[in-house]
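Only one structure is covered here, and it is reproduced in the block below.
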Amino acid sequence: MSVERTIGIAIGIPQPWGAELDAARASTGDPLAALIPSHVTLLGPTVLAVSAELDRRIDELLARVAAEHAPFTVQLRGTGTFRPVSQVVFVALATGIVECEQLAAAIRTGPLERELTHPYHPHVTVGHDVPEQALDDVFERMADYTARFDVAHFTRYEHNGTGRWQPIRDYPLGG
């Protein structure tokens, strides 16, 4: 028997930077800010009819991908936007881009193979689908933002039906 679930794979932003970025997003009035912790997406929300067998295959894939990739450093610096394509302002990655791209590509294989609707661009969202002025304000306010942290794992999340994303399992990088 299979159950439909929404999963996502991401690199969570460690503290104190996670709280800073969460607060920046909340300041825009984004109603999802309290439900979605700051992160770099590796696999966006993906609806699957998950069975025990598929769940096992996904877990094996993620464990293998993690084992094949070494820990790395992310440097966040400044802001960017996807406007006018989508109403998003983000904090940009200055380093760690290639590693995120490689992880994302490796994750989107086998049971998680997906076509992308837009090119993959690792980032941390700080404003999404809020009024233009709020996007402009957070873009300016976070323009000088910087943070540096080591990435030692990525996480599988599931959408729990209340709008909140719950961490299910961390996959330690090994390579």
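The values are calculated or read from the model by the stated rules, or taken from the named source; none is laboratory data. Because the structure is a prediction, the values reported are computed rather than measured. Here the Cβ positions follow ideal geometry from the backbone for every residue, glycine too, while neighbour counts run over all protein chains shown. Heads up: the accessible areas ignore ligands, DNA and RNA and are worked out on the full protein's heavy atoms, side chains in. Shrake-Rupley method; radii C 1.70, N 1.55, O 1.52, S 1.80 Å.
Out of curiosity, is Ala34 among the hydrophobic types (A, V, I, L, M, F, W, C), open to solvent by 50 Å² or more (accessible area, probe 1.4 Å) and in contact with a Ser or Thr (Cβ under 7 Å, 6 or more places away or on another chain)? No.
In the stretch 103-130, the qualifying residues are those that are part of a helix (DSSP H, G or I) and small (Gly, Ala, Ser), and the one that is nearest to Asp55 (Cα to Cα) is Gly110. Number of residues in the stretch 68-85 that are in contact (Cβ under 8 Å) with a residue 40 or more places away in the chain and either touching a Lys or Arg at 6+ places or on another chain (Cβ under 8 Å) or not charged (D, E, K, R) (or both) equals 12. The set of residues in the stretch 140-158 that are open to solvent by 70 Å² or more (accessible area, probe 1.4 Å) and within 18 Å of Leu62 (Cα to Cα) contains only His153. The residues in the stretch 25-43 that are within 17 Å of the chain's Cα centre (by Cα) and modelled with pLDDT under 95 can be counted, and the count is 7.
Just checking, does the stretch 62-82 include any residue being in contact with a Ser or Thr (Cβ under 7 Å, 6 or more places away or on another chain), open to solvent by less than 10 Å² (accessible area, probe 1.4 Å) and under 30 Å from Asp136 (Cα atoms)? The answer is yes, given that some residue of the stretch 62-82 is in contact with a Ser or Thr (Cβ under 7 Å, 6 or more places away or on another chain), open to solvent by less than 10 Å² (accessible area, probe 1.4 Å) and under 30 Å from Asp136 (Cα atoms). Residues that are surrounded by fewer than 19 Cβ atoms within 10 Å (Cβ to Cβ), of a type in the set (Gly, Ala, Ser) and closer than 21 Å to Arg148 by Cα within the stretch 8-31 comprise Gly12, Gly18, Ala19, Ala23, listed in sequence order.
Out of Val89, Val98, Val74, report the one residue that is over 23 Å from Glu158 (Cα atoms), under 16 Å from the mean Cα position of the chain (by Cα) and assigned to a helix (DSSP H, G or I).
After ruling out the rest, the residue left standing is Val98.
I'd like to know if the stretch 151-169 contains one or more residues that are closer than 13 Å to Ile9 by Cα and among the acidic types (Asp, Glu).
Yes, the conditions are met somewhere in the stretch 151-169.
Check the stretch 87-97 and report whether any residue there is open to solvent by 80 Å² or more (accessible area, probe 1.4 Å) and either in contact (Cβ under 8 Å) with a residue 40 or more places away in the chain or more than 24 Å from Asp22 (Cβ to Cβ) (or both). The answer is no; no qualifying residue exists. Taken together, Ile36, Ile7 contain a single residue that is within 19 Å of His123 (Cα to Cα) and assigned to a strand (DSSP E or B), which is Ile7.
Restricting to the stretch 113-127, name every residue that is open to solvent by less than 60 Å² (accessible area, probe 1.4 Å) and either basic (Lys, Arg) or more than 20 Å from Val98 (Cβ to Cβ) (or both). Let's see the steps before the verdict.
The initial filter retains those residues of the stretch 113-127 that are open to solvent by less than 60 Å² (accessible area, probe 1.4 Å), namely 120, 122-127.
Scanning the stretch 113-127 gives Thr125, Val126, Gly127.
Given the structure, is Arg57 outside any strand (DSSP E or B), open to solvent by less than 40 Å² (accessible area, probe 1.4 Å) and of a type in the set (D, E, K, R)?
On the way: outside any strand (DSSP E or B): yes; open to solvent by less than 40 Å² (accessible area, probe 1.4 Å): no; of a type in the set (D, E, K, R): yes.
For Arg57, the condition - outside any strand (DSSP E or B), open to solvent by less than 40 Å² (accessible area, probe 1.4 Å) and of a type in the set (D, E, K, R) - is not met.
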